[in-house]
Every structure is written in C-alpha cells, then in structure tokens.
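Only one structure is covered here, and it is reproduced in the block below.
The values are calculated or read from the model by the stated rules, or taken from the named source; none is laboratory data. Since this is a predicted model, take the numbers as computed values, not measurements. Here Cβ is always computed from backbone atoms with ideal geometry, including for glycine, and neighbour counts include all displayed protein chains. Keep in mind that these areas ignore ligands, DNA and RNA; they rest on the heavy atoms of the full protein, side chains included. Shrake-Rupley method; radii C 1.70, N 1.55, O 1.52, S 1.80 Å.
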Amino acid sequence: MNSELYGKLVFEISREGRRGCSVPVPSDAAGAVEKSIPASLLRTGIPELPMVDEPSAVRHYTNMSTNNFGVDTGFYPLGSCTMKYNPKINEALASSPEVAALHPFQPAGTAQGALEAYYMLQSFLSEIGGMAEFSLNPYAGAHGELTGLMVIRAYHADRGDFGRIKVIVPDSAHGTNPASAAVAGLQIIETRSMPDGTVDIDDLCSKLDDTVAAVMLTNPNTTGMFERRIPEIARAVHAAGALLYYDGANLNPMLGVARPGDMGFDVMHINLHKTFSTPHGGGGPGAGPVGVRAGLEKYLPNPRVVKQPDGSFAVVTHSDDALGRISFWLGNFTVLRRALAYILTLGAEGMMHVGPYATLAANYVMNSLNDLYLQPIPGPCKHEFVFDGLRDKSTGITTLNVAKRLLDMGFHAPTIYFPLLFHEALMVEPTETESRETLDAFIDAMRRIAAEAQSQPEILQQAPLCTPMAHPDETEAATHPKLKWKDLT
Ligand SMILES: *Cc1c(COP(=O)(O)O)cnc(C)c1O
C-alpha cells in the first residue's frame, strides 16, 4: 500500500465534480434509443458514482489488488487445502485461443484436438488412480463425492438392494464427506479414530451391516497419517456388501507411491485443483473427476469422450445405465487442460517424485518445529501434519494468535482448528513445490513466534500488526457481511 490515501474506500476519495474522462453528449441516434425506453425505466437523477481523477482511480484499484495474498506472492501452507504453485505454462495453454475460444456445442469434428486432450486426461487419471474409468464432469471435490455416492447408489439399486441407506465416515474426515452423503440422501454414521490418528478398525467393522452403502476413507487421512490396513478394511467392507470410497482430494502424497485402486477402493475422486496444480480458492472453478473400478463404469455420468475404432474422438451424451447429467457439459475444460499440462510436464518420471517430495517437505518442517509445538500424533507423517498449538500452554497463546502473527511475517496462516480432533489444531501442508529456503524461512518465523510467546505475549495477542486490515469481527463479517458502501457509513 502506497499511502493512507489509497487504502480508503473509493467513495471516500471522491470529490464533487472531479472526473477522469468526459462522456460525450449523446448523439441524435442515442437520443432516439433513449426515447424508445419506457419512461419508468429511465434514470431520473445522476448516478451515484465516485468522482475521482484517473490516476487516483488506477492507484486505488492497483493498490487494492496487491492486498490479495496468493501462492504467487508467498508461502501458503494450508493443510488439507493444498495451495501449491500453479506453473505458468498451464495458464498459457489454458488461455490460448484454441482452448479458450472453443464452444461446448461445436461439432466434434472441429474440436478433435480438445477431445483428444480430454480423453488423454481421462486415461491418465485412470492409470494414476488404478481405476477402470474416470468422468471429468464434476466441478469440485465435494461435487465429485456426490457423483461417486450417486454411482454407489445406482450400483446397489441395480442389484435391487434398496436397504443400503448409510455411509460410514471417520471422525477425522473432511466436512464435505458427511455433507455429500447427506445430499446424496444417505445417513451418516461416524467411526472413531485411534490415538495415532488412523481409523479404529474394530469400531468400523462393528458398524458394517446390510444397511451400509459405502465407507468413505481418506488416505493419507486428514491428520496426515497413512492408513496401513486398507486391504483388510476393503475385505470387511466388501464382505458386508458395501463399497469403499476414496477421497483423493489430496492425492499428491500417493503420486509415484501407491494407487487407491490397488488397495481395494471401488470409487474415488481427485481434486485437480489440489493434486494437479490448478488454481483454486475463493470458490473459483475447480474439478473433482470421479473414477470407478471395473464393473461400475456404466453408471458414470455423461457426457464422456470415447476413442472410436478409426482413431477419432466422439462425445457420448447418453447411455442407458448412466446417472443423469451432473454438470453443464464436459466439466471445467480449462481447469482440465491445466491438469493435463501439469501431468505431461512432469512426465512419468517427474510424477514419481511428487509423493516423496511432498512427504519429505512435511516431515522436515514438522521435525524442525516439534520441540516448540505439540505434535499429538507420532510421525513420520505424509504430506501434512497437525500440531496441537504450542507445547508450553502456560503463556495462554493460542493457535489463532500464532496464525495471525504469521501474517505479519509475510506467510499465509496454516489451516487452524481443523481437524476437530485437537483443541488447538494447526495443520501445515508445505507441498512438494517449495524450496528449502522457503521452508527454512517458515520454520524460522514459527520459532520466532514461539519465542515471542515467552518474551512478549502481548504482541501475539494484538497481531496482526502489519496487515491492511487488523481485527475484523469474524462472526459479524460472516453473518452480516457489508456488501454495499452505503452500509458502511
Ligand atoms: C478439499 C477437500 C475436499 C473438498 O474439495 P472441494 O473442491 O473444496 O469441494 C474433500 N476432501 C478433502 C480431504 C479435502 O481436502
């Protein structure tokens, strides 16, 4: 921010009569148009627009735009949400006219390249997930979960097994899991985690019966722990007639290491906007493709892209057993294009490094901080880990204080107060794309904060001290957002 001046609302820098451009007097033709508009729709007074000169307007908006924190401006270790760097070549490819100017309904014969790219991504994801087929239609992880659960319902209904109305979800699961199950019309049964953060198999198995449609698991789970006993769980779930769903929102630790299909999962989704480095945040477009094992392909939604015997590509819009349409057309095509670019850039060899590097980075950060921060689950972790606040609880400094102080130091805060298993949860995911120097700078900031908790706790209680906005009332902001400038006065 350059100065106080441009931190103000644009209406506050407005001065009566000032302007940055002059609007021409309407021509006769425009006057004629105006006459054709009913009087009741015509504006009677001058619009209440801010009056500013052009440089002030440009500076105002340019300075506002720099208040955004993004992965292109700093380290963003948001556990579970995976904010990793989005390579610029992906952006260039996604915004090229060949991609951006395509019309969804143009004849397949004129879009063979795009359909081939789409088909390639379907095939790559099937290979990566160890699944028979993928649908790229869903727009987000939660949307993928819903689609996957609808596939599971269709499978049970097809067998005439209508009594399966429950989904078992671990207590550490991402909130979207129970939410998607509820939207799919299923009841949610929670299963416990053990002290090491993994699923309690005895508790899980005691809940399996012929009313269970599916068990949803995340692996590595939301505490960053690898569920070692999946094959055993898969056998029990299948023996009970249910299907095993894999939440692959964060598939990066698995890349180059293991495939959900090989472990016994039947249905899965992948968040391309976490795993394959496409942008996300602020509710922007994402993609949550859904994969299924052999035998379940026919239930996947349409449209999908198929390769024909002559080598050309076609869009299938209808098949008898398929779910109805779950997205407008083929999905978020430019997001899919970015993910394909990422996969092709890495190649099979690069892909083998993703999981190991994500795991190495997380363990490096965790082990560099666990003398000062409380690590409730013994390591090693996978791509992310959870601390339960500072070790020394006597200072009264909370996870929220730590998170706010990190903003002063130029870092985005980690995920806080999630998962709900610990009171002071602080969840860090460095991702595989950060340099050693960046990780060290973050470790240094976290250590300085721990030292401040001892020497100057009042600074931490007041933080952030250097951000454009300091202490919004978060509850008020969420429940009564002020979206019009007039409300602010
Ligand atoms: C992010 C996430 C989801 C939900 O993905 P959205 O794209 O935000 O809907 C589901 N499960 C896990 C484990 C996640 O991290």
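Screening the candidates 276, 265 for the property of being open to solvent by less than 20 Å² (accessible area, probe 1.4 Å), under 20 Å from residue 152 (Cβ atoms) and within 16 Å of the ligand (Cβ to nearest atom) yields one hit, 265. There is at least one residue in the stretch 475-484 that is of a type in the set (A, V, I, L, M, F, W, C) and either modelled with pLDDT of 95 or more or assigned to a helix (DSSP H, G or I) (or both).
For residue 356, the test of being out of contact with any helix residue (DSSP H, G or I) (no Cβ under 9 Å at 6 or more places or on another chain) and surrounded by fewer than 17 Cβ atoms within 10 Å (Cβ to Cβ) is failed.
Results for (1) assigned to a loop (DSSP other than H, G, I, E, B); (2) crowded, with 20+ Cβ neighbours inside 10 Å; (3) of a type outside the set (Ser, Thr, Tyr); (4) away from the ligand (no atom under 16 Å from the Cβ), shown as yes or no for each residue.
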| residue | (1), (2), (3), (4) |
| --- | --- |
| 127 | no, no, yes, yes |
| 131 | yes, yes, yes, yes |
| 152 | no, yes, yes, yes |
| 155 | no, yes, no, yes |
| 167 | no, yes, yes, no |
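In a loop (DSSP other than H, G, I, E, B), open to solvent by less than 50 Å² (accessible area, probe 1.4 Å) and not polar (S, T, N, Q), is that true of residue 347? Answer is no for this residue.
Scan the stretch 229-242 and tell me whether some residue there is out of contact with any Asp or Glu (no Cβ under 6 Å at 6 or more places or on another chain), open to solvent by 30 Å² or more (accessible area, probe 1.4 Å) and part of a loop (DSSP other than H, G, I, E, B). For the stretch 229-242, residues out of contact with any Asp or Glu (no Cβ under 6 Å at 6 or more places or on another chain), open to solvent by 30 Å² or more (accessible area, probe 1.4 Å) and part of a loop (DSSP other than H, G, I, E, B): present. Of everything in the stretch 370-405 that is hydrophobic (A, V, I, L, M, F, W, C) and surrounded by fewer than 22 Cβ atoms within 10 Å (Cβ to Cβ), the residue that is farthest from residue 454 (Cα to Cα) is 377. Every listed requirement among (1) within 15 Å of the ligand (Cβ to nearest atom); (2) open to solvent by less than 30 Å² (accessible area, probe 1.4 Å) is met by residue 226 save one, (2).
Taking only the stretch 414-444 into account, find how many residues are free of Cβ contacts under 8 Å to residues at least 40 places away in the same chain and either buried (at least 16 other Cβ atoms within 10 Å of the Cβ) or of a type in the set (Gly, Ala, Ser) (or both). Residues that pass the stated criteria total 3. So, in the stretch 47-67, how many residues would count as being part of a loop (DSSP other than H, G, I, E, B) and either of a type in the set (D, E, K, R) or surrounded by 11 or more Cβ atoms within 10 Å (Cβ to Cβ) (or both)? Number of matching residues: 7. Within the stretch 309-329, the residues that satisfy the criterion of being open to solvent by 20 Å² or more (accessible area, probe 1.4 Å), assigned to a loop (DSSP other than H, G, I, E, B) and within 26 Å of residue 278 (Cα to Cα) are 325, 326, 328, 329. Put simply, of 184, 234, 214 the only residue that is touching a Leu at 6+ places or on another chain (Cβ under 9 Å), of a type in the set (A, V, I, L, M, F, W, C) and more than 16 Å from the ligand (Cβ to nearest atom) is 234.
Here the helices (runs of 4 or more DSSP H) wholly within the stretch 363-470 that include at least 3 residues being under 30 Å from residue 63 (Cβ atoms) and among the aliphatic types (A, V, I, L, M) are 399-408, 436-455. Checking each residue in the stretch 169-197 for being part of a loop (DSSP other than H, G, I, E, B), in contact with an Asp or Glu (Cβ under 8 Å, 6 or more places away or on another chain) and either of a type in the set (Lys, Arg) or surrounded by 21 or more Cβ atoms within 10 Å (Cβ to Cβ) (or both) picks out 173, 174, 192.
Total residues in the stretch 133-148 satisfying the condition of being buried (at least 24 other Cβ atoms within 10 Å of the Cβ) and either more than 9 Å from the ligand (Cβ to nearest atom) or assigned to a loop (DSSP other than H, G, I, E, B) (or both): the figure is 7. Name, by its number, the condition in (1) among the small types (Gly, Ala, Ser); (2) touching a residue at least 12 places away in the same chain (Cβ under 8 Å); (3) out of contact with any Gly (no Cβ under 8 Å at 6 or more places or on another chain); (4) within 30 Å of residue 251 (Cβ to Cβ) that does not hold for residue 74. The number of the failed condition is (3).
Residues that are within 16 Å of the ligand (Cβ to nearest atom) and not in a loop (DSSP other than H, G, I, E, B) were ranked within the stretch 77-125; the one that is surrounded by the fewest Cβ atoms within 10 Å (Cβ to Cβ) is 78.
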